[in-house]
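**Student:** I'd like to ask some things about the structure below.
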Amino acid sequence: MRLKTHFRRGAATTCEEVGIRAQTARILQIRTGSLAPVRWLLVTSAQPRLIVSCVAENQAKWHTLAYNLALSCMTTRSTYPVRFVANFVDGVDPAAGRRIEDLGGEVRVVARVDRRNPYLNKLRMLELADSEDFEVLAALDCDTIVVRDLSPHVSLESVGAKPADMDPLTPEQWTGLYTALGLCTPTTEYIATISGARIGPYFNSGVLLIPRRYCGLLLDAWTDMNDRILGVYRDHPEMIPSQSRVFLDQYSLACALAATAIPVRALPSELNYPVHLPMHVPVHPAARSSIEPVIAHYHKNITANGFLTRSRNEEVNADLHAFNLRRSAALGMSYSRLPDLPLKERALRAMHHCRKTVRGAAVRVRTRIPGPGWAREG
Ligand SMILES: [Mn+2]
């Protein structure tokens, strides 16, 4: 962290946005008084410089997700200066890239990591440490939006990650995996956000706050563990059920953190707030107003035209609605109220839930494992 004065290209286009930046980024001198775009902002910063980033496929659906995240990031009040970098795999549609750049975000094209698992592309974000000047990387899933100031939650000392919503593996499967990789099974325990089950240090990889100094070490270890776990899938096909293998990037993250002993701090749910499924502890209506999510992770809770849908976790709905209003203003699209999840998605989700329940019960009967279901949604 160092005191630094630098010029920053201003992306603000309205008085309100200028106000947000003026208040939060310690702007000493700005052009004011009209709705005209502000060209340059003089910023004095003594706080960690933060990059918020995501990785998207070059497809219309992903363009929408990356745009939503960029919009949320660039229009949310922030105490620290924030850069936003969207990475697109193997190319980017020029119009989609321009929409993000028009918000003040940056666009990069990166190569695919491994065709066997698209989620591994998120490792490309950690490569930003090779070329960019920052102190903390907020590596986010595209299906997240920033709804409050992230600055108070970053640390230069440890990687921040939220314990997973659910754990698809049993303790025996985890021990088998750690043992196959030559690692001791960690003893730290957390409570999974949605299932409420006790889990080991297994984190949702959708929100990671990574000090730059750990990016290289984590990238190497995470890459190595991906390769080794793919080897375990091949050599010990009975160890991890095929329907759970899609979470490879999260297993490899857990194993990489265990192997490197990189300091980790468990982020509270507010930093990676699930929108798609009810939290394991239902929130009392009176307590709802005191919950202030910082990053909402909405998974598939989105309409075909890119607006976020109502959550059963009501405490996050005001933030989703506020975001939709900003999106509607930015894109000139009509919007009035928080939509419900499309019927088709609701039906698919009910079927998926049913299948998981039946499969989970069957596995528990077969293996006599007590407790909640082992399967989880991503
Ligand atoms: Mn996600």
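**Student:** In the stretch 286-300, what count of residues is obtained for those that are in contact (Cβ under 8 Å) with a residue 60 or more places away in the chain, in a loop (DSSP other than H, G, I, E, B) and aliphatic (A, V, I, L, M)? Even if it seems obvious, please write down each step before you answer.
**Tutor:** Of the stretch 286-300, the ones in contact (Cβ under 8 Å) with a residue 60 or more places away in the chain are 292-300.
Then drop every residue that is not in a loop (DSSP other than H, G, I, E, B), which leaves 292-294, 298-300.
Going one step further and asking which of them are aliphatic (A, V, I, L, M), we end up with 294.
Selection size over the stretch 286-300: 1.
**Student:** Any idea how many residues of the stretch 310-322 are within 16 Å of the ligand (Cβ to nearest atom) and either farther than 17 Å from Met279 by Cβ or aliphatic (A, V, I, L, M) (or both)? Explain how you work it out, then say what you get.
**Tutor:** Applying the first criterion (within 16 Å of the ligand (Cβ to nearest atom)) to the stretch 310-322 yields 311, 313, 316, 320.
Next, only the ones that are either farther than 17 Å from Met279 by Cβ or aliphatic (A, V, I, L, M) (or both) stay: 316, 320.
The number of residues fulfilling the criteria is 2.
**Student:** Just to be sure I understand the filter: pairs with C-beta atoms under 6 Å, separated by 6 or more residues or on different chains, first member in the stretch 129-146 and within 14 Å of Val82 (Cα to Cα) and not assigned by TED's automatic domain parsing to the domain that holds Leu308, second member within 16 Å of the ligand (Cβ to nearest atom) and assigned to a strand (DSSP E or B). Which pairs pass?
**Tutor:** Every condition considered, no pair remains.
**Student:** Turning to a different aspect of this structure: Consider Trp62 against the criteria (1) under 18 Å from the mean Cα position of the chain (by Cα); (2) more than 30 Å from Tyr233 (Cβ to Cβ): it satisfies all of them except one. Which criterion is unmet?
**Tutor:** Condition not satisfied by Trp62: (2).
**Student:** Can I ask one more? Any chance you could count how many residues in the stretch 193-229 are more than 16 Å from the ligand (Cβ to nearest atom) and in a loop (DSSP other than H, G, I, E, B)?
**Tutor:** 5
**Student:** Here's a follow-up. Is the stretch 316-336 home to any residue that is farther than 23 Å from Cys142 by Cβ and out of contact with any Gly (no Cβ under 6 Å at 6 or more places or on another chain)?
**Tutor:** The initial filter retains those residues of the stretch 316-336 that are farther than 23 Å from Cys142 by Cβ, namely 334, 336.
Checking the rest, the ones that are also out of contact with any Gly (no Cβ under 6 Å at 6 or more places or on another chain) come to 334, 336.
Checked the stretch 316-336: at least one residue is farther than 23 Å from Cys142 by Cβ and out of contact with any Gly (no Cβ under 6 Å at 6 or more places or on another chain).
**Student:** Sticking with this one: Looking only at the stretch 131-145, which residues are more than 16 Å from the ligand (Cβ to nearest atom) and crowded, with 24+ Cβ neighbours inside 10 Å?
**Tutor:** Initial filter on the stretch 131-145 (more than 16 Å from the ligand (Cβ to nearest atom)): 131-137.
Once the filter is applied, which keeps residues that are more than 16 Å from the ligand (Cβ to nearest atom) and crowded, with 24+ Cβ neighbours inside 10 Å, the stretch 131-145 yields Val136, Leu137.
**Student:** Looking at the stretch 238-247, is at least one residue under 16 Å from the mean Cα position of the chain (by Cα), part of a helix (DSSP H, G or I) and within 28 Å of Pro293 (Cβ to Cβ)? Give the steps one after another, and end with the answer.
**Tutor:** Taking the stretch 238-247 as the starting set, the residues that turn out to be under 16 Å from the mean Cα position of the chain (by Cα) are 247.
In the following step, the residues that additionally are part of a helix (DSSP H, G or I) were identified as 247.
Subset that is within 28 Å of Pro293 (Cβ to Cβ): 247.
Yes, that holds for at least one residue.
**Student:** Can you name every residue in the stretch 295-317 that is touching a Ser or Thr at 6+ places or on another chain (Cβ under 9 Å) and over 15 Å from Asn68 (Cβ atoms)?
**Tutor:** Listed by number, the residues that qualify are Glu315, Asn317.
Here is a yes/no grid of residues against (1) away from the ligand (no atom under 15 Å from the Cβ); (2) within 24 Å of Val52 (Cα to Cα); (3) surrounded by 13 or more Cβ atoms within 10 Å (Cβ to Cβ):
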site	(1), (2), (3)
Phe247	no, yes, yes
Ala256	yes, yes, yes
Ala266	yes, yes, yes
Tyr273	no, yes, yes
Arg288	yes, no, yes
His299	no, yes, yes
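**Student:** I'm trying to understand the selection: among the residues of the stretch 146-184, which are touching a Leu at 6+ places or on another chain (Cβ under 6 Å) and within 16 Å of the ligand (Cβ to nearest atom)?
**Tutor:** Ala161, Lys162
**Student:** Next question, about the same structure. Name the single residue, out of those in the stretch 302-351 being of a type in the set (Lys, Arg) and not in a helix (DSSP H, G or I), that is nearest to His63 (Cα to Cα). Even if it seems obvious, please write down each step before you answer.
**Tutor:** Looking only at the stretch 302-351, we keep the residues that are of a type in the set (Lys, Arg), and these are 310, 312, 326-327, 337, 344, 346, 349.
Add one more test, that the residue is not in a helix (DSSP H, G or I), and what stays is 310, 312, 337.
Working: Arg310: 22, Arg312: 26, Arg337: 23 Å.
Ranking the qualifying residues of the stretch 302-351, first place goes to Arg310.
**Student:** Of the numbered conditions (1) surrounded by 15 or more Cβ atoms within 10 Å (Cβ to Cβ); (2) under 22 Å from the mean Cα position of the chain (by Cα), Glu292 satisfies every one except a single condition; which is it?
**Tutor:** (1)
Each row is one residue, and each column tells you yes or no for (1) in the same structural domain as Met333 (by TED's automatic domain parsing); (2) touching a helix residue (DSSP H, G or I) at 6+ places or on another chain (Cβ under 6 Å); (3) of a type in the set (Lys, Arg); (4) at pLDDT below 55.
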| site | (1), (2), (3), (4) |
| --- | --- |
| Ala22 | no, no, no, yes |
| Gln29 | no, no, no, yes |
| Asn58 | yes, no, no, no |
| Ala70 | yes, yes, no, no |
| Ser78 | yes, yes, no, no |
| Pro94 | yes, no, no, no |
| Lys122 | yes, no, yes, no |
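The values are calculated or read from the model by the stated rules, or taken from the named source; none is laboratory data. Since we're looking at a predicted model, the values are computed, not measured. A quick note on method: Cβ atoms are made from the backbone with ideal geometry, for glycine too, and the neighbour counts reach across all protein chains shown.
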